[in-house]
Amino acid sequence: MQPSTWLTWLGVGFSALIARLPWPLQRALGRPLGALLKIALGSRRKVAARNLELCFPDMAPAERARLLDHAFTALGTAMFEFSRAWWGDVAPMRKDLRVEGLEHLKAAQAGGRGVIVISGHFTTLELSARLMCDYAPLAGMYRPHATGAMEWAVKRGRLRYATAMFGREELRPALKHLKQGGLLWFAPDQDTRRGDSVFVPFFGRPAYSLTSTHQLARLSGAAVIAFAHVRRPDGGYTLRLSPPFEDFPSKDATADTARVMAAIEAMIRAVPEQYLWIHRRFKRQPDGRGALYR
């Protein structure tokens, strides 16, 4: 067993351990942990700062700096939410939970139709998926991990609440699930090496984006619904399902992907401090140079 594997297992064990801390203590520790992560993750801090500069060019520098601080505070809190979603008890989060738009989901499922539920990579993503599974039997798609320890942790953690987990290469079982009227949740808002992608606008800039929502809807006949999740200032959570996309999919994969990205952008603009800005979203550009993060 390689030392890197030991570290992964230690990380998994630590995550399971902190999942058992009282929720008020975890919330209190979120801010200092976020401040520590901002210092420790120097390269990611620079990526986040650059993303905010690219996405909010008209925002005053001081305001962007505050937004960056808030984003890392949200990331610190997310570490505890993440551990609870996989290994702990989410009863404290259920107390002040608001769930909106379930009627849209039920209407979309009429006649046994499958539904694709899309969201973005927000810091609340993992916890919110578990909370939504109290109301809707979601299956998920994920990126398989090279290390056995992390692959085990991802599937073990998410299968505590998801009905199934499909690797991003497992197209046939995912389509079968949708054709049988299942719900499939995933977040298609990151630049990834695998999968058919196109450049579409995202915060007014070209962003290399997966066409997977279009492809899955076209092949399965599933409806598509946007899933927003918000950590409210009062400490509670709001989960919001939007009405199904109309006339989706079309014959134009690029146009459909642009619609998906526009929906995710609208979610981000509502709570920008809760988005995961540390990903190099614009690392590939149409000119092929990709110099936005240099």
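Only the coordinates and a few stated rules stand behind these numbers; no lab work does. All figures in this text were calculated on a predicted structure; none of them were measured in a lab. Neighbour counts are summed over all protein chains in view; Cβ atoms, including those assigned to glycine, are modelled from backbone coordinates with ideal geometry.
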Legend entry - Alpha-carbon radius of gyration plus Dmax, which is the widest Cα pair, for segment 9-125 in Å: 17.9, 52
Legend entry - At least 18 Å along the helix axis (C-alpha) and Kyte average at least -1.0, DSSP helices within the chain: 3-18, 23-40, 42-55, 61-87, 253-270
Legend entry - Under Karplus coefficients 6.51, -1.76 and 1.60, residue-wise ³J(HN,Hα) of segment 242-252 in Hz, glycine/proline x: 8, x, x, 4, 7, 6, 10, x, 9, 8, 10
Legend entry - Percent of alpha-carbon pairs separated by more than 20 Å within segment 160-218: 32 percent
Inset, instruction - Quick one: among Phe202, Phe14, Phe245, which has the greatest mean-square fluctuation in a GNM of the chain with alpha-carbon springs under 10 angstrom? - result: Phe14
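Between Leu41 and Val99, 0.36 nm times their residue separation minus their Cα-Cα distance comes to what?
Contour length minus the Cα-Cα distance gives 17.5 nm.
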Inset, instruction - Using only the Cα atoms of the chain, construct the convex hull and provide its projected area averaged over every direction, in square nanometres to one decimal. - result: 15.7 nm²
Inset, instruction - Return the calculated 222 nm mean residue ellipticity for the chain, to the nearest 500 deg cm²/dmol, obtained by summing -39500 (n - 2.57) across DSSP H runs with n ≥ 4 and dividing by the residue count. - result: -15000 deg cm²/dmol
Inset, instruction - Using a/c under 1.5 as the rounded threshold, could you call segment 95-159 rounded, prolate or oblate? The axes a ≥ b ≥ c are square roots of the C-alpha gyration tensor eigenvalues, and prolate needs a/b larger than b/c, oblate otherwise. - result: prolate
Inset, instruction - Would you mind checking which residues have amide H under 5 Å from Phe166's amide H? H placed 1.01 Å from N; only 5 or more apart, or other chain. - result: Gly140, Met141, Tyr142
Legend entry - Kirkwood Rh, angstrom, segment 125-249 [1 / mean 1/r, Cα pairs]: 15.9 Å
Legend entry - Set of segment 191-223 residues, backbone N closer than 13 Å to the point 7 Å along the Cα-Cβ line of Asp287: 206
Inset, instruction - Give me the orientation-averaged projected area of the Cα convex hull of segment 220-294, in nm², one decimal. - result: 7.3 nm²
Inset, instruction - Quick one: net charge around Arg156, please, counting Lys, Arg +1 and Asp, Glu -1 for every other residue with C-beta under 15 Å from its C-beta. - result: +3
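Provide the gained length on full extension for the span Lys251 to Glu170, in nm with one decimal, where the gain is 0.36 nm per separating residue minus the Cα-Cα distance. Before the final figure, lay out the partial values.
Values: separation 81, 0.36 × 81 = 29.16 nm, distance 2.36 nm.
My answer for the length gained is 26.8 nm.
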Legend entry - Residues with amide H under 5 Å from that of Ser209, placed H, sequence gap 5 or more: Val198, Phe199, Val200
Legend entry - Residues Arg218 and Arg294, FRET efficiency given R0 of 35 Å [Cβ-Cβ distance, rounded to 0.05]: 0.40
Legend entry - Candidate lysines - alpha carbon under 17 Å from Lys106, same-chain residues fewer than 8 apart omitted: Lys179
Inset, instruction - Calculate one ³J(HN,Hα) per residue across segment 105-118 by plugging θ = phi - 60° into the Karplus curve 6.51 cos²θ - 1.76 cosθ + 1.60, and present them in order as whole Hz with x for glycine and proline. - result: 5, 5, 5, 5, 7, 4, x, x, 6, x, 9, 9, 10, 10
Inset, instruction - Would you list which lysines come within 26 Å of Lys283, measuring only between C-alpha atoms, while excluding same-chain residues fewer than 8 positions from it? - result: Lys38, Lys46
